[in-house]
(Lines give C-alpha, C1' and ligand atoms only; values in the text may rest on other atoms or scores of the structure.)
Protein backbone atom coordinates (compact mmCIF):
# COMPACT_ATOMS: atom_id res chain seq x y z
CA UNK A 1 0.00 0.00 0.00
CA UNK A 2 2.85 2.37 0.92
CA UNK A 3 4.55 1.69 -2.41
CA UNK A 4 1.31 2.48 -4.26
CA UNK A 5 0.95 5.80 -2.42
CA UNK A 6 4.57 6.66 -3.21
CA UNK A 7 4.02 6.02 -6.93
CA UNK A 8 0.92 8.25 -6.93
CA UNK A 9 2.85 11.07 -5.22
CA UNK A 10 5.76 10.83 -7.67
CA UNK A 11 3.35 10.93 -10.64
CA UNK A 12 1.70 14.06 -9.29
CA UNK A 13 5.08 15.76 -8.83
CA UNK A 14 6.08 14.87 -12.40
CA UNK A 15 2.82 16.22 -13.84
CA UNK A 16 3.31 19.45 -11.87
CA UNK A 17 6.83 19.92 -13.20
CA UNK A 18 5.74 19.33 -16.81
CA UNK A 19 2.91 21.83 -16.41
CA UNK A 20 5.25 24.42 -14.91
CA UNK A 21 7.77 24.03 -17.75
CA UNK A 22 4.97 24.34 -20.31
CA UNK A 23 3.68 27.55 -18.71
CA UNK A 24 7.18 29.02 -18.63
CA UNK A 25 7.76 28.24 -22.30
CA UNK A 26 4.40 29.74 -23.24
CA UNK A 27 5.19 32.91 -21.32
CA UNK A 28 8.63 33.09 -22.94
CA UNK A 29 7.11 32.77 -26.43
CA UNK A 30 4.53 35.45 -25.67
CA UNK A 31 7.27 37.78 -24.45
CA UNK A 32 9.32 37.26 -27.61
CA UNK A 33 6.38 38.08 -29.89
CA UNK A 34 4.96 41.04 -27.99
CA UNK A 35 8.05 42.57 -26.40
CA UNK A 36 7.39 46.30 -26.31
CA UNK A 37 9.38 47.00 -23.15
CA UNK A 38 12.32 49.37 -22.92
CA UNK A 39 14.48 46.84 -21.11
CA UNK A 40 17.71 45.56 -22.65
CA UNK A 41 17.82 48.40 -25.19
CA UNK A 42 21.35 49.30 -26.15
CA UNK A 43 21.77 53.04 -25.58
CA UNK A 44 23.35 55.08 -28.37
CA UNK A 45 24.16 58.68 -27.51
CA UNK A 46 23.22 60.67 -30.60
CA UNK A 47 20.17 62.38 -32.02
CA UNK A 48 19.45 59.31 -34.15
CA UNK A 49 20.15 57.00 -31.21
CA UNK A 50 17.77 58.92 -28.96
CA UNK A 51 15.05 58.61 -31.60
CA UNK A 52 15.74 54.88 -31.97
CA UNK A 53 15.23 54.42 -28.23
CA UNK A 54 11.69 55.82 -28.52
CA UNK A 55 10.58 53.15 -31.02
CA UNK A 56 8.56 50.24 -29.66
CA UNK A 57 10.05 46.76 -30.00
CA UNK A 58 7.57 44.11 -31.11
CA UNK A 59 7.32 41.08 -33.35
CA UNK A 60 6.11 41.27 -36.95
CA UNK A 61 2.38 41.29 -37.49
CA UNK A 62 1.04 38.90 -40.17
CA UNK A 63 1.42 40.03 -43.78
CA UNK A 64 -2.26 39.22 -44.35
CA UNK A 65 -4.05 41.52 -46.84
CA UNK A 66 -0.85 43.36 -47.80
CA UNK A 67 -0.66 44.81 -51.31
CA UNK A 68 0.92 47.88 -52.88
CA UNK A 69 -2.60 49.24 -53.32
CA UNK A 70 -2.92 49.54 -49.54
CA UNK A 71 -0.55 52.50 -49.94
CA UNK A 72 -2.21 53.96 -53.02
CA UNK A 73 -2.36 52.87 -56.65
CA UNK A 74 0.96 54.48 -57.59
CA UNK A 75 2.81 57.76 -57.38
CA UNK A 76 0.81 60.82 -56.43
CA UNK A 77 0.89 63.96 -58.55
CA UNK A 78 1.52 67.22 -56.73
CA UNK A 79 1.62 70.61 -58.45
CA UNK A 80 1.62 68.90 -61.83
CA UNK A 81 4.51 66.52 -61.14
CA UNK A 82 4.48 62.91 -59.95
CA UNK A 83 6.47 61.80 -56.91
CA UNK A 84 8.99 59.74 -58.91
CA UNK A 85 10.09 62.69 -61.02
CA UNK A 86 10.17 64.95 -57.98
CA UNK A 87 12.64 62.59 -56.28
CA UNK A 88 14.71 62.26 -59.46
CA UNK A 89 14.92 66.05 -59.55
CA UNK A 90 16.04 66.14 -55.95
CA UNK A 91 18.65 63.36 -56.12
CA UNK A 92 20.11 63.59 -59.64
CA UNK A 93 22.51 66.13 -61.08
CA UNK A 94 23.08 67.30 -64.67
CA UNK A 95 19.36 66.96 -65.28
CA UNK A 96 17.98 67.09 -68.81
CA UNK A 97 14.27 67.86 -68.98
CA UNK A 98 11.95 65.98 -71.31
CA UNK A 99 10.29 68.24 -73.91
CA UNK A 100 6.86 69.37 -72.78
CA UNK A 101 4.09 71.73 -73.73
CA UNK A 102 2.87 71.86 -70.13
CA UNK A 103 3.39 74.89 -67.97
CA UNK A 104 5.16 72.69 -65.40
CA UNK A 105 8.52 71.13 -66.24
CA UNK A 106 8.38 67.72 -64.59
CA UNK A 107 9.71 64.69 -66.46
CA UNK A 108 13.42 63.97 -66.17
CA UNK A 109 14.81 62.69 -69.46
CA UNK A 110 18.38 62.15 -68.26
CA UNK A 111 20.71 62.87 -65.41
CA UNK A 112 23.48 61.54 -63.19
CA UNK A 113 22.98 59.66 -59.92
CA UNK A 114 25.67 59.25 -57.30
CA UNK A 115 24.07 56.11 -55.92
CA UNK A 116 24.01 56.14 -52.10
CA UNK A 117 23.57 52.36 -51.82
CA UNK A 118 26.58 51.28 -53.88
CA UNK A 119 28.68 54.42 -54.27
CA UNK A 120 28.51 54.05 -58.08
CA UNK A 121 27.86 56.86 -60.50
CA UNK A 122 24.96 56.00 -62.78
CA UNK A 123 23.95 57.73 -65.99
CA UNK A 124 20.16 57.81 -66.04
CA UNK A 125 18.34 57.85 -69.38
CA UNK A 126 14.56 57.70 -69.48
CA UNK A 127 13.22 54.88 -71.67
CA UNK A 128 11.43 51.53 -71.61
CA UNK A 129 14.68 49.57 -71.39
CA UNK A 130 16.76 52.07 -69.39
CA UNK A 131 14.58 53.75 -66.75
CA UNK A 132 14.90 50.85 -64.29
CA UNK A 133 18.62 51.53 -63.91
CA UNK A 134 17.53 54.14 -61.37
CA UNK A 135 14.59 53.31 -59.12
CA UNK A 136 12.88 55.11 -56.26
CA UNK A 137 13.27 53.09 -53.08
CA UNK A 138 10.92 53.17 -50.13
CA UNK A 139 13.59 53.29 -47.43
CA UNK A 140 11.24 51.50 -45.07
CA UNK A 141 9.87 48.84 -47.42
CA UNK A 142 6.09 49.10 -47.62
CA UNK A 143 5.69 45.42 -46.79
CA UNK A 144 7.87 45.93 -43.72
CA UNK A 145 5.83 48.98 -42.73
CA UNK A 146 2.61 46.98 -43.14
CA UNK A 147 3.84 44.34 -40.70
CA UNK A 148 5.09 46.88 -38.17
CA UNK A 149 2.22 49.26 -37.62
CA UNK A 150 1.00 50.61 -40.97
CA UNK A 151 -2.06 48.34 -40.84
CA UNK A 152 -3.25 50.61 -38.05
CA UNK A 153 -2.85 53.78 -40.13
CA UNK A 154 -5.66 55.18 -42.22
CA UNK A 155 -5.53 54.74 -45.98
CA UNK A 156 -4.71 58.44 -46.39
CA UNK A 157 -1.82 58.14 -43.93
CA UNK A 158 -0.43 55.14 -45.82
CA UNK A 159 -0.59 57.03 -49.12
CA UNK A 160 1.22 59.93 -47.46
CA UNK A 161 3.89 57.52 -46.21
CA UNK A 162 4.41 55.99 -49.66
CA UNK A 163 4.89 59.44 -51.22
CA UNK A 164 6.81 61.16 -48.43
CA UNK A 165 10.23 62.47 -49.64
CA UNK A 166 11.65 61.44 -46.25
CA UNK A 167 10.81 57.82 -47.14
CA UNK A 168 12.17 57.95 -50.70
CA UNK A 169 15.60 57.78 -52.33
CA UNK A 170 16.72 57.46 -55.94
CA UNK A 171 19.03 54.42 -56.02
CA UNK A 172 20.54 51.82 -58.31
CA UNK A 173 17.79 49.51 -59.55
CA UNK A 174 19.72 46.31 -58.88
CA UNK A 175 20.49 47.28 -55.29
CA UNK A 176 16.84 48.13 -54.75
CA UNK A 177 15.79 44.71 -56.05
CA UNK A 178 18.34 42.99 -53.82
CA UNK A 179 16.97 44.81 -50.79
CA UNK A 180 13.40 43.68 -51.45
CA UNK A 181 11.35 44.12 -48.28
CA UNK A 182 14.33 43.68 -45.95
CA UNK A 183 14.84 45.71 -42.79
CA UNK A 184 18.13 46.76 -41.20
CA UNK A 185 18.57 43.31 -39.67
CA UNK A 186 18.52 41.58 -43.06
CA UNK A 187 19.85 44.17 -45.55
CA UNK A 188 22.19 47.16 -45.48
CA UNK A 189 23.75 49.16 -48.34
CA UNK A 190 27.05 47.77 -49.61
CA UNK A 191 28.32 51.37 -49.42
CA UNK A 192 29.35 51.28 -45.74
CA UNK A 193 29.85 55.05 -45.57
CA UNK A 194 26.11 55.51 -46.15
CA UNK A 195 24.87 53.03 -43.56
CA UNK A 196 24.55 55.54 -40.72
CA UNK A 197 22.49 57.90 -42.88
CA UNK A 198 20.40 55.00 -44.17
CA UNK A 199 19.54 53.70 -40.70
CA UNK A 200 18.86 57.23 -39.45
CA UNK A 201 16.39 57.78 -42.29
CA UNK A 202 14.58 54.53 -41.47
CA UNK A 203 14.34 55.61 -37.83
CA UNK A 204 12.99 59.02 -38.84
CA UNK A 205 10.29 57.42 -41.00
CA UNK A 206 9.28 54.92 -38.32
CA UNK A 207 9.13 57.63 -35.69
CA UNK A 208 7.06 59.94 -37.91
CA UNK A 209 4.49 57.24 -38.76
CA UNK A 210 4.50 55.45 -35.40
CA UNK A 211 5.92 52.19 -36.75
CA UNK A 212 7.79 49.73 -34.57
CA UNK A 213 10.95 47.67 -34.94
CA UNK A 214 11.74 44.03 -34.16
CA UNK A 215 14.37 43.17 -31.58
CA UNK A 216 16.89 42.09 -34.24
CA UNK A 217 16.19 45.26 -36.23
CA UNK A 218 16.71 47.47 -33.18
CA UNK A 219 20.00 45.76 -32.36
CA UNK A 220 21.23 46.09 -35.96
CA UNK A 221 20.38 49.80 -36.02
CA UNK A 222 22.10 50.39 -32.68
CA UNK A 223 25.28 48.64 -33.87
CA UNK A 224 25.43 50.85 -36.95
CA UNK A 225 24.82 54.06 -34.99
CA UNK A 226 27.62 53.28 -32.52
CA UNK A 227 30.04 54.08 -35.36
CA UNK A 228 28.57 57.56 -35.91
CA UNK A 229 27.91 59.34 -32.58
CA UNK A 230 27.13 62.63 -34.34
CA UNK A 231 24.41 61.16 -36.55
CA UNK A 232 21.29 63.31 -36.78
CA UNK A 233 17.87 62.54 -38.25
CA UNK A 234 17.02 63.74 -41.75
CA UNK A 235 14.11 66.13 -41.93
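The values are calculated or read from the model by the stated rules, or taken from the named source; none is laboratory data. Being a predicted model, the structure only gives us computed values, none of them experimental. Cβ placement follows ideal geometry from the backbone for every residue including glycine, while neighbour counts extend to all protein chains displayed.
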Is it true that some residue in segment 194-204 is out of contact with any strand residue (DSSP E or B) (no Cβ under 7 Å at 6 or more places or on another chain), touching a residue at least 24 places away in the same chain (Cβ under 8 Å) and not in a helix (DSSP H, G or I)? no
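Yes/no matrix, rows are residues, columns are (1) at pLDDT 95 or above; (2) part of a strand (DSSP E or B); (3) touching a helix residue (DSSP H, G or I) at 6+ places or on another chain (Cβ under 9 Å); (4) surrounded by 10 or more Cβ atoms within 10 Å (Cβ to Cβ):
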residue: 19; (1), (2), (3), (4): no, no, no, yes
residue: 36; (1), (2), (3), (4): no, no, no, yes
residue: 44; (1), (2), (3), (4): no, no, yes, yes
residue: 52; (1), (2), (3), (4): yes, no, yes, yes
residue: 55; (1), (2), (3), (4): yes, no, yes, yes
residue: 88; (1), (2), (3), (4): yes, no, no, yes
Can you find a residue that is in a helix (DSSP H, G or I), touching a residue at least 60 places away in the same chain (Cβ under 8 Å), over 14 Å from the mean Cα position of the chain (by Cα) and surrounded by 16 or more Cβ atoms within 10 Å (Cβ to Cβ) anywhere in segment 164-175? yes
Just a yes or no: is a residue in segment 193-204 farther than 23 Å from residue 86 by Cα, under 13 Å from the mean Cα position of the chain (by Cα), at pLDDT 95 or above and crowded, with 17+ Cβ neighbours inside 10 Å? no
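Matching residues to (1) over 21 Å from the mean Cα position of the chain (by Cα); (2) more than 25 Å from residue 156 (Cβ to Cβ); (3) without any contact (Cβ under 8 Å) to a residue 24 or more places away in the chain:
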position	(1), (2), (3)
82	yes, no, no
106	yes, no, no
112	yes, yes, yes
116	no, yes, no
120	yes, yes, no
124	yes, yes, no
127	yes, yes, yes
131	yes, yes, yes
134	no, yes, no
